[in-house]
1. Over all directions, average the projected area of the Cα convex hull of the chain and note it in nm².
2. For Cα pairs less than 8 Å apart in space and 6+ apart in sequence, what is the mean separation divided by the residue count of segment 1-54, i.e. the relative contact order in percent?
3. Dividing the alpha-carbon Rg of segment 67-123 by 2.2 N^0.38 Å yields what?
4. Using a simple spin-label model with points 7 Å from Cα along the Cα→Cβ vector, what separation in nm is obtained for GLN71 and ARG18?
5. Excluding residues on the same chain fewer than 8 positions from LYS76, give the aspartates and glutamates whose Cα lies under 18 Å from its Cα.
6. Which Cys residues of the chain have no other Cys beta carbon under 4.7 Å away?
7. In terms of Cα to Cα distance under 20 Å, which aspartates and glutamates are near enough to LYS122, apart from those fewer than 8 places away along the same chain?
8. For the chain, what is the mean residue ellipticity at 222 nm derived from helices alone (per DSSP H run of n ≥ 4: -39500 (n - 2.57); sum divided by total residues; nearest 500 deg cm²/dmol)?
Amino acid sequence: MSGPILKLYTYAHCSTCRRARQWLHTHGIAVDERPIRETPPSPAELRTMLAAQGGALRRLCNTSGQAYREQRLAEKLPAMTEAAVLALLAGDGNLVKRPFLIGAGVALTGFDEPAWSVALLKR
């Protein structure tokens, strides 16, 4: 795939991230990989992803993660403003659903091979 490089935010110990990375490599798709815990997506990237997810804030969250549970975000999220949630996610990569792939015309979170195929191989 030619064109702008996509950013792929991953966590090294995440098997889903490893599968996504391997899938991208197999299909010759270049990415700029970044460690999500150390360098979470920017607020602008999170807003782009939120729009791609139909405005569903919960879809940006790593709902199965320990940090999400410890902060009781399942209870708090519905009452939080969009700005507050995006600031929280931008400040703590543990809270962001991964893998998180963003670039020109692409905004995918979680690894769903059929969805990634449609978004990335039909370009």
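1. Working: hull surface 28.3 nm².
Average of the hull's projected areas for the chain equals 7.1 nm².
2. Reported relative contact order: 44 percent.
3. Details: Rg = 14.1 Å, N = 57, 2.2 N^0.38 = 10.2 Å.
Its radius of gyration relative to the 2.2 N^0.38 Å reference: 1.38.
4. Here the modelled spin labels are 2.7 nm apart.
5. ASP92
6. CYS61
7. ASP112, GLU113
8. -11000 deg cm²/dmol
Any read-out appearing in this document is the output of simple, stated calculations on the displayed coordinates, not a laboratory observation. Predicted, not measured: the structure shown is a model, and the values here were computed from it. Note that we place each Cβ from the backbone using ideal geometry, even for glycine, and neighbour counts take in every protein chain shown.
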